[in-house]
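Heads up, the thing below is written out as structure tokens.
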Amino acid sequence: MYYICVPGLGYVHKQWQADEPRFCADLAKAKSWKQATTALKFSTQNLANRVHVRWELWQDTEGGLIPIIRPQANRS
């Protein structure tokens, strides 16, 4: 399973609504995706284009959550 996290706000909530974004700290309440591609599509359409926040993609594995995509710090 894949989860989308917004640093400082938490994971995308199961009851997410485009007009009222919801986040949570508890994975039991978080929206999950079976495929990374569908999670990426959601984040691009609903987070990057609509609310303009940085997000991270995490995968739930037997060893716990591992980061798949994390924002890179600006290097000057």
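The values are calculated or read from the model by the stated rules, or taken from the named source; none is laboratory data. Only a predicted model underlies this, so the values are computations on that prediction, with no experimental measurement involved. Backbone-built Cβ (ideal geometry, glycine too); neighbour counts: all protein chains shown.
Elements of the type strands (runs of 3 or more DSSP E) sitting completely within the chain and holding at least 2 residues that are loosely packed, with under 12 Cβ neighbours inside 10 Å and not polar (S, T, N, Q): these cover 64-69. Among (1) in contact (Cβ under 8 Å) with a residue 12 or more places away in the chain; (2) at positive phi, where does HIS52 come up short? Failed condition: (1). The combined condition, being at pLDDT 95 or above and of a type in the set (A, V, I, L, M), is not fulfilled by ALA48. Of the residues that sit in segment 38-68 and are within 14 Å of PRO7 (Cα to Cα) and among the β-branched types (Val, Ile, Thr), which one is farthest from the chain's Cα centre (by Cα)? In this case the residue turns out to be VAL51.
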